[in-house]
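Read the structure below first, then the notes.
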Amino acid sequence: MSPVKFTIVTVTFNASHCIERTIQSVINQTYKNKEYFIIDGGSRDDTMSIVERYRSDISCCISEPDKGIYDAMNKGIKMATGDYLIFMNADDVFADSEVLQKVSVQINDDADVVYGNWRTITEYGVFANKPGQLSALNKKFVLCHQATFVKVSLLKQVPFDLQYKYAGDYDMLSSYYLSGKRFQYVDVEIAEILINSGATYNNFEKSVKEHYKILAKRGLGSPFEMWWLITRKRVVRFMKTCLPQRISNRLFCVISKHYKVM
């Protein structure tokens, strides 16, 4: 069997403050059988001038207006020629330079979705995360999109639904699971993500409402659950602004059920 080929897609817009770190994380992967696409939404800052420094290490880059993050991701899917695709968007990085190598030797031939562990960086510290039980995917997002590889042939058949602006990744991955696609867990720390930025973080309440819209079409979820999740997030943000850091750090760990590593 030939070595698995990975497609890495970075979707970006006005990300000059963070795009270089993401690019370096991808091109410094020791695993060679990969392709790398950058899909830019027509940035008006220095994003593309930074990208130009690395053009020799980028398989293809386009910069043009789009209809949102999932439209840009679908462009990357159409271009992909690899076996599995992972999205590593601006401000996200691989956990280390050996991630693709570690994953490549563990993938089963019949796996449609391969998922692993991740780290989150917050104002409260750095936290280690593992996926939840797949059986819970019908109600909540127990995976991390940046720590998930999806078979390219599947993505081409069922790309992102553009009616969603913030929860399209949950809609896609949960629908794969509910339709019987094969998921494989690998005990590898795949990504490091910054959670105080990005479209979902900055539009948390809209994201939650989209999530429950997806559940509603499946006859699941309730307005109370949606209200509770939004309220809990508001409490965490209140803690950050009004409580001493030592106390807010401890409460954040309890409420979020995160394991702090740094």
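The values are calculated or read from the model by the stated rules, or taken from the named source; none is laboratory data. On a predicted model such as this, the values are computed, not experimentally measured, just so you know. All Cβ positions, even for glycine, are placed from backbone atoms using ideal geometry, and neighbour counts span all protein chains on display. Just so you know, the surface numbers come from the protein's heavy atoms only, side chains and all, with ligands and any DNA or RNA stripped out. Shrake-Rupley method; radii C 1.70, N 1.55, O 1.52, S 1.80 Å.
Accessible area per residue for region 1-131 in Å², computed with a 1.4 Å probe and the full protein assembly in place, what is it?
42 Å²
Under the shape rule built on the C-alpha gyration tensor, where the axes satisfy a ≥ b ≥ c, region 80-144 is oblate, since a/c reaches at least 1.5 while a/b does not exceed b/c. Ranked by the mean number of other Cβ atoms within 10 Å of their residues, highest first, the peptides 177-183, 136-142, 18-24 come out as 18-24, 136-142, 177-183. Stokes-Einstein diffusion of region 81-204 at 20 °C, 1.002 mPa s viscosity, Kirkwood radius from Cα pairs, rounded to a whole number: 142 µm²/s. Under the simplified labelling scheme, the ASP110-ASP46 pair shows an inter-label distance of 5.2 nm, with each label point 7 Å from Cα along Cα→Cβ. Relative to the current alpha-carbon distance between ASN14 and MET79, full extension at 0.36 nm per residue lengthens the span by 21.2 nm.
With no solvent and one equal point scatterer placed on each C-alpha of region 1-130, evaluate the Debye formula and give log10 I(q)/I(0) for q = 0.11, 0.19 Å⁻¹, two decimals. Here the Debye-derived log intensity ratios amount to -0.40, -1.14.
Placing dummy labels 7 Å off each Cα toward the beta-carbon, the span from LYS130 to SER59 is 3.2 nm. The charge dipole of region 90-194, taken about the Cα centre with unit charges on the Cβ atoms of Lys, Arg (+1) and Asp, Glu (-1), comes to about 400 debye, rounded to the nearest 20.
Pairs exceeding a 19 Å alpha-carbon distance, out of LYS102/LYS130; LYS181/LYS213; LYS32/LYS78; LYS78/LYS140; LYS165/LYS217; LYS140/LYS206: LYS181/LYS213; LYS32/LYS78; LYS78/LYS140. Residue by residue, region 132-149 carries 3J(HN,Hα) couplings of x, 5, 4, 4, 7, 5, 6, 10, 8, 8, 9, 10, 10, 4, 6, 10, 10, 9 Hz when phi is fed to the Karplus relation 6.51 cos²θ - 1.76 cosθ + 1.60 (θ = phi - 60°); x denotes Gly or Pro.
Share of region 19-76's accessible area from carbon and sulfur, percent, 1.4 Å? If you can, show how the numbers build up before the last one.
Values: 1210 of 2720 Å².
Heavy-atom surface of region 19-76 belonging to carbon and sulfur, 1.4 Å probe: 44 percent.
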